[in-house]
1. How high is the relative contact order of the chain, in percent, counting Cα pairs under 8 Å that sit 6 or more residues apart?
2. Counting only trypsin sites (Lys or Arg not before Pro) that sit in a DSSP loop (anything but H, G, I, E, B) with at most 15 other Cβ atoms within 10 Å, what is the longest stretch of the chain containing none of them?
3. Projected area of the chain, taken from the Cα convex hull and averaged over every viewing direction, in nm²?
4. Could you calculate the FRET efficiency of ASP53 with ASN127 from 1/(1 + (r/R0)^6), where r is the beta carbon distance between them and R0 is 30 Å, rounded to 0.05?
5. In whole Hz and in residue order, list the ³J(HN,Hα) couplings for the range 61-76 that follow from phi through the Karplus curve 6.51 cos²θ - 1.76 cosθ + 1.60, θ = phi - 60°; x for Gly and Pro.
6. About the Cα centre of the chain, what is the dipole size in debye to 20, counting +1 per Lys and Arg Cβ and -1 per Asp and Glu Cβ, all else neutral?
7. So, for the chain, what is the accessible surface per residue at a probe of 1.4 Å, expressed in square angstrom?
8. Give the dimensionless ratio obtained when the Cα radius of gyration of the range 6-61 is divided by 2.2 N^0.38 Å.
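The values are calculated or read from the model by the stated rules, or taken from the named source; none is laboratory data. Just so we're clear, the structure is a prediction, and the values are computed from it rather than from any experiment. Glycine gets a Cβ as well: all are built from the backbone with ideal geometry, and neighbour counts include every protein chain shown. For the accessible areas, the whole protein counts, side chains as well, though only heavy atoms, and no ligand, DNA or RNA atoms are used. Shrake-Rupley method; radii C 1.70, N 1.55, O 1.52, S 1.80 Å.
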Amino acid sequence: MVALVAHPDDAEILFFGTLRRWRDAGAAVTVVIATHGVHGISVTDRDAGIRLDAEHRPAESAAAYAGTEIDVECLGLEDGALQPDRHLVSTIEEVMTRLACTVLLTHAVHTGNDHQDHHAVAKAAVNAAARIPGCTTILHGQPIAAHHSVDGVVLVDITNHIDGKLKALQRHQSQSGRYYLGQPFTRHRSAAPGWAKLPHQAADGRCFEALTPSLMLLANPPERP
C-alpha cells in the first residue's frame, strides 16, 4: 500500500488509522510525501521571522510513524506550486513502480475548495496509477477543508487507533494551533461518517476514516456452482 500525499501531516489527517490497520494485517505500507512543506507557516509566523528548512516537516512525519513499521519517504518538491504536469506524473509513476504499489491512497479528485497541491497530487497520482499494472485499488480521503467534503462510501473503523492518530498529529509542532490537527476537529471528523451511515456504531463511540474509491478491481470473482 502507498499513501501519496502533498504535504507532511496530510497522510496523518486523512489515513493514519487506515494505514495502521493495513500494517497490522501484514501489508507493506509506505507514506510518500510530495513536498518538503517549507512554506507551511502562517503569515504571522513568517512576519515574525520563523522559517522552516527542507528537513523539518518530513522529520515530523517520520516521528508520527515511529514504531509503527510504516515507511515514510519525501520527494522534496516545493510546496505551493505543484502542477499535475508531466514531471509530477512521471515522478509519482516512478515511485509507485519502485514500491510495487497495489493499493493507492491519495487526496480526493474534485472541483471544490481545497489546497492547490492536493488537487495536483490527486490528479497526477490517478494518472500515474493507470500505468501501474498491479495497482488495482485507488481510494481517496476526505478533503481537509471544513466547508467542503466528498461523500465517503468506504468506512474504516479506526477506533483502536484514534489515540495514536491524535499523538501522531501532535508530532507536527511546526503547525501548532491549526484547527485540523487538534483533538476536537479530529474526534468530530472521525465520528461524523458513523453518524451519517452507521449510527448504531457511532452511538457506541466508534471512530472512522471515510474513503471514496475511484478504482476497485475484484480480480478473482467466485465461480458459479
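1. Values: 403 pairs, mean separation 53.4, N = 225.
Computed value for the chain: 24 percent relative contact order.
2. On the way: sites that count: ARG51, ARG131.
It runs 132-225.
3. 13.7 nm²
4. Working: r = 31 Å, r/R0 = 1.02.
Calculated value: 0.45.
5. 5, 4, 5, 5, 9, 4, x, 9, 6, 9, 7, 10, 10, 10, 7, x
6. Details: 19 positive and 25 negative charges, 100 e Å.
Charge dipole of the chain: 480 debye, to the nearest 20.
7. Numbers: 11310 Å² over 225 residues.
Value for the chain: 50 Å² per residue.
8. Details: Rg = 14.2 Å, N = 56, 2.2 N^0.38 = 10.2 Å.
So the range 6-61 has a normalised radius of gyration of 1.40.
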